[in-house]
Every structure is written in C-alpha cells, then in structure tokens.
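The values are calculated or read from the model by the stated rules, or taken from the named source; none is laboratory data. What you see is a predicted model; the values in this text were computed from it and never measured. Quick reminder, even Gly has a Cβ in these numbers, built from the backbone with ideal geometry, and neighbours come from all protein chains shown. These area figures cover heavy atoms from the full protein model, side chains too; ligands, DNA and RNA do not enter into them. Shrake-Rupley method; radii C 1.70, N 1.55, O 1.52, S 1.80 Å.
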Amino acid sequence: MERRILITGALGQIGSELVAALRERHGAERIVASDLRIVPLQRAGEAAYEHLDSTEPQQILEVIRRHAIGTIYHLAALLSAVAEERPHAAWSINMGGLYNVLEAARQYRCQVFFPSSIGVFGPSTPRERTPQVTIQRPTTMYGVTKVAGELLCDYYAARFGVDARGLRLPGLISYAAPPGGGTTDYAVEIFYHALRHRQYTCFLRPDTRLDMMYMPDAIGAMIALMEADASRLRFRNAYNVTAMSITPEELAAEIRKHIPAFEIDYQVDPVRQSIADSWPRSLDAGAARDDWGFAPRYDLAAMTADMLARLGERMRAARMG
Ligand SMILES: NC(=O)c1ccc[n+]([C@@H]2O[C@H](COP(=O)([O-])OP(=O)(O)OC[C@H]3O[C@@H](n4cnc5c(N)ncnc54)[C@H](O)[C@@H]3O)[C@@H](O)[C@H]2O)c1
C-alpha cells in the first residue's frame with residue numbers, strides 16, 4: 001500500500017490550498033491534514049484530520065504509526081512578524097517542531113518538505129539577484145529559525161539519509177485563507193481592501209521591493225520538488241524560488257488598471273519595515289529551474305487579474321450566502 005501524506009499546520013495560508021491540491025492529485029484517502037487549531041465543523045468528514053501539536057513528539061509518532069505516513073509537509077510555524085513579537089515561542093515551535101518531525105522521519109523513513117523563507121537572508125546578503133549560495137546572517141528570530149532549520153534538514157539528509165527537501169519561499173499571495181502574520185501580508189490585504197473599500201493603508205513604504213509568488217505557483221513548486229528525481233537535487237535545503245519582485249506602489253498601480261478609483265496611502269509599521277529592509281529585493285531562482293524545472297506561471301499582471309476575479313467571486317458568494 002502506498003503510504004499516506006501528512007501536512008502539519010494544514011489550516012494556515014499554505015496548508016488550506018496544499019491539502020486540496022494533494023487530495024486532488026493522490027486521492028483524499030491518502031491525505032492526513034493536521035493543525036494545532038481545532039478543525040472547523042464544516043471541514044469534518046472531508047478527509048482525515050488530526051489535532052496535532054508539532055512541539056509534542058509523541059503526537060507526531062502516534063499519527064505517523066496510525067496512518068502509515070510516508071511523507072510529511074511540515075508547515076506548522078510562527079511567521080516573521082509574529083515571531084518578532086513572540087521570539088521564545090517562535091524558537092520552540094519553529095525549531096522544536098522541525099526537530100521532532102525530522103526525528104520521526106528518521107525513525108519511520110519518511111520524506112520531509114521544509115518551507116524555508118527569504119527570511120534566511122539578512123542585511124549582509126547581496127540584495128539584488130540574491131544567489132542560491134550566499135551569506136545567511138538574518139537579524140530576526142524567524143530568520144534564525146529558518147537558517148537553523150535548513151541546516152538541520154541538511155544534517156538529517158547527510159547523516160541519516162532522510163529525504164528532506166525545501167524551498168526558500170518569498171511572500172505568498174492567495175485568496176483561500178488569510179495570511180498568518182508575515183511581513184509580506186500587505187500584498188494579500190491590499191486586494192481585500194481594494195475590492196471592499198477602494199482604499200488601503202499599507203504598513204510598508206511605497207518603494208519596499210520584495211519577492212512574491214502567487215499561491216498556485218508555490219503549491220506547484222512544492223509538489224514538483226517533492227516528486228523530483230533525487231539524484232538531480234544539488235541542494236537539499238533550500239532552493240530559492242520567486243515569480244515577481246514588486247513594491248507596494250507597483251502593486252497598487254496594477255490594481256488601479258482594474259479598479260481605477262483605488263487609492264493607497266502609507267502608515268509605516270517600524271517592526272515590519274525593518275524586517276523587510278533586511279531581506280533581498282530579488283532572488284536568483286536559477287538552481288531551482290535547472291535542477292527540477294521550476295517555472296512559475298503568474299507574473300504581477302496575471303496574478304493581479306486572477307486575484308481580483310477570484311476574490312471578487314468569493315466576496316459576492318459570501319454576501320449572498
Ligand atoms: N505564507 C508565506 O508567505 C510564507 C513564506 C515563506 C515561508 N512560509 C512558511 O510556510 C509555512 C506555512 O506558512 P503559512 O503562511 O501557511 O502560515 P500560517 O500562519 O497561515 O499557518 C501556520 C499554521 O500552523 C499552525 N500551528 C502553529 N503552531 C503549531 C503547532 N505547535 N503545531 C501544529 N500546528 C501549529 C497554525 O495554527 C496555523 O494554522 C511556515 O513554515 C512559514 O514559515 C510561508
């Protein structure tokens with residue numbers, strides 16, 4: 001029997017869409033979603049769901065045994081802005097959770113996906129076309145846990161043969177679930193405010209350039225990496241990926257092509273601005289393209305058009321229902 005796929009942190013921004021994509025690809029019976037949060041009632045019965053705290057090693061082992069898990073997408077973590085507010089909790093969840101997952105993967109020979117981040121880079125990293133292999137000295141607790149996470153995955157791959165793979169994800173833009181407290185959340189909030197109020201107050205400066213990717217490309221990249229031929233992977237943790245490098249004022253201008261009355265102003269949050277200022281302005285994703293065929297489909301224009309159409313549909317449906 002083919003072993004099942006476990007997703008931790010499955011109720012978050014990425015998990016909500018990854019679970020649906022994996023169910024579609026492998027069949028609902030092979031997918032086990034899990035999160036610290038109690039599952040909302042309407043989700044019960046959709047497919048296996050486990051209430052799982054990734055900081056509790058016994059819970060992970062028990063779920064792996066009970067469901068015959070062979071692959072783990074380990075998404076559970078605190079995001080950059082939240083981690084800066086709660087650095088001790090971030091260390092325990094981001095590092096402790098990953099260690100528990102890798103240990104369980106070692107014992108049960110599971111494949112592991114680790115979502116790293118552009119947060120692994122810091123002010124001493126080259127900020128333009130940031131290379132795959134470069135200086136990684138982040139100044140945030142989030143970045144510290146992601147760099148250490150990349151190293152721990154590398155260690156488990158080299159020392160114990162755990163098939164660990166990872167991506168350095170940029171800010172992700174999506175409409176299915178709200179973002180969880182990251183520095184790039186503005187790029188999601190702006191769409192809700194544009195459709196509802198024709199106005200948005202942005203917490204980053206207008207010229208803050210950061211990498212972004214539309215969720216369908218991120219999900220596609222995760223699945224492609226996990227299915228890639230292992231012998232072609234020069235890097236285990238983690239591959240740079242990106243689809244666009246944009247500023248709030250560029251995104252606002254693109255939205256204005258669809259909603260001409262849309263207005264943006266700025267009220268800078270010093271914490272999130274200083275995190276953004278420590279991150280790259282554009283990543284070089286050449287290694288991901290060469291090793292496993294990374295090819296995002298959505299640029300700024302395509303993403304904006306699709307986001308406005310789909311989010312608009314959901315908002316209309318919610319008003320009617
Ligand atoms: N969304 C992005 O833009 C982005 C970018 C780069 C990397 N990532 C990484 O991808 C992963 C998922 O991100 P997301 O945006 O879906 O985050 P999110 O905050 O939306 O979701 C995270 C989920 O983890 C759960 N969780 C928290 N602590 C837990 C614990 N102890 N045990 C089990 N579950 C727990 C939360 O309840 C939440 O549902 C994270 O590791 C994040 O660092 C996200």
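For a paramagnetic label modelled at 7 Å from the Cα of Arg319 toward its Cβ, which residues of region 185-207 fall within the zone defined by backbone nitrogen distances under 16 Å? Inside the label zone: 192-199. Its Cα centre serving as origin, the chain has a Cβ charge dipole (Lys and Arg +1, Asp and Glu -1) of approximately 380 debye.
Carbon-plus-sulfur fraction of the accessible area of the chain, 1.4 Å probe, in percent?
Carbon with sulfur: 51 percent of the solvent-accessible area.
In angstrom, the C-alpha Rg and Dmax of region 1-138 are 16.2, 49. Here the extension length gained between His88 and Arg65 equals 5.3 nm, from 0.36 nm per residue of separation less the Cα-Cα distance. With the cut-off at under 13 Å, measuring from each backbone N in region 279-321 to a point 7 Å along the Cα-to-Cβ line of Arg232 picks out 287-295. Mean projected area of the convex hull spanned by the Cα atoms of the chain, taken over all viewing directions: 15.9 nm².
Rounded, prolate or oblate for region 264-312? Axes are the square roots of the Cα gyration tensor eigenvalues, ordered a ≥ b ≥ c, and the cut-off for rounded is a/c under 1.5. Taking the square roots of the gyration eigenvalues as a ≥ b ≥ c, region 264-312 is oblate. Computed over protein heavy atoms with a 1.4 Å probe, the accessible surface of the chain works out to 43 Å² per residue.
For Glu24 and Arg109, compute 0.36 nm times the residue count separating them, minus their Cα-Cα distance, and round to one decimal in nm. Don't jump to the answer; show the numbers that get you there.
Values: separation 85, 0.36 × 85 = 30.60 nm, distance 2.45 nm.
Length difference between fully extended and current span is 28.1 nm.
Taking the chain as a Gaussian network, where each spring joins two C-alpha atoms under 10 Å apart, which residue of Ala287, Ala48, Ala302 fluctuates the most? With Cα springs under 10 Å in the chain, the top fluctuation among Ala287, Ala48, Ala302 is at Ala302.
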